[in-house]
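Notes for the one structure printed next.
None of the figures in this text is laboratory data; all of them are computed from the coordinates on show. Here the structure is a predicted model, which means the values were calculated and not measured. Every residue, glycine as well, gets a Cβ built from its backbone with ideal geometry; the counts of neighbours run over all protein chains shown.
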Amino acid sequence: MKLRTKRIYLDPDESDGRRILIDRLWPRGVSKEAAKLDFWAKSVAPSNELRRWYQHDPAKWEEFRERFFAELDSNAEGVSELRSKLGSATSTLLFASKEERLNNASALREYLESHES
């Protein structure tokens, strides 16, 4: 499995492979047609409480990752469903945040790669 991350506001590209939105909320200003999604993985997005707590504060990044990984650990069904959508081809985890590095897609990618089944 090859995972990439990308802002949903960037144009879709053939090299994206499967396009999977991993935000709990639909991104503002993006139509469902323009998003060109293959799957919306709301169930593995950070909880509303965690998302509100983090607010993309770089100082909270390490704790955010730990808390998010704990949420994922307790959500085997959601992670399994996502893995079934990923398959072995290239997939792009889409996010809305302006933060390009320290975001839920990057954390989810790290989790999936370090917890391969």
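Full extension of the chain segment joining Ser43 with Met1 gains 13.1 nm, where the gain is 0.36 nm per residue of separation less the Cα-Cα distance.
Binning the C-alpha pair distances of the stretch 2-114 at 10 Å intervals from 0 yields a P(r) profile of 14, 51, 31, 3 %, listed from the shortest bin outward.
Placing +1 on the Cβ of every Lys and Arg and -1 on the Cβ of every Asp and Glu, with nothing else charged, gives the stretch 2-114 a dipole about its Cα centre of roughly 280 debye.
The calculated FRET efficiency for Val30 paired with Glu116, based on their beta-carbon distance and R0 = 25 Å, is about 0.25.
The number of Lys pairs in the chain with C-alpha atoms less than 14 Å apart, excluding pairs fewer than 8 positions apart on the same chain, is 4.
Protection proxy ranking of 14-23, 53-62, by the mean of other Cβ atoms within 10 Å over each peptide's residues and highest first, is 14-23, 53-62.
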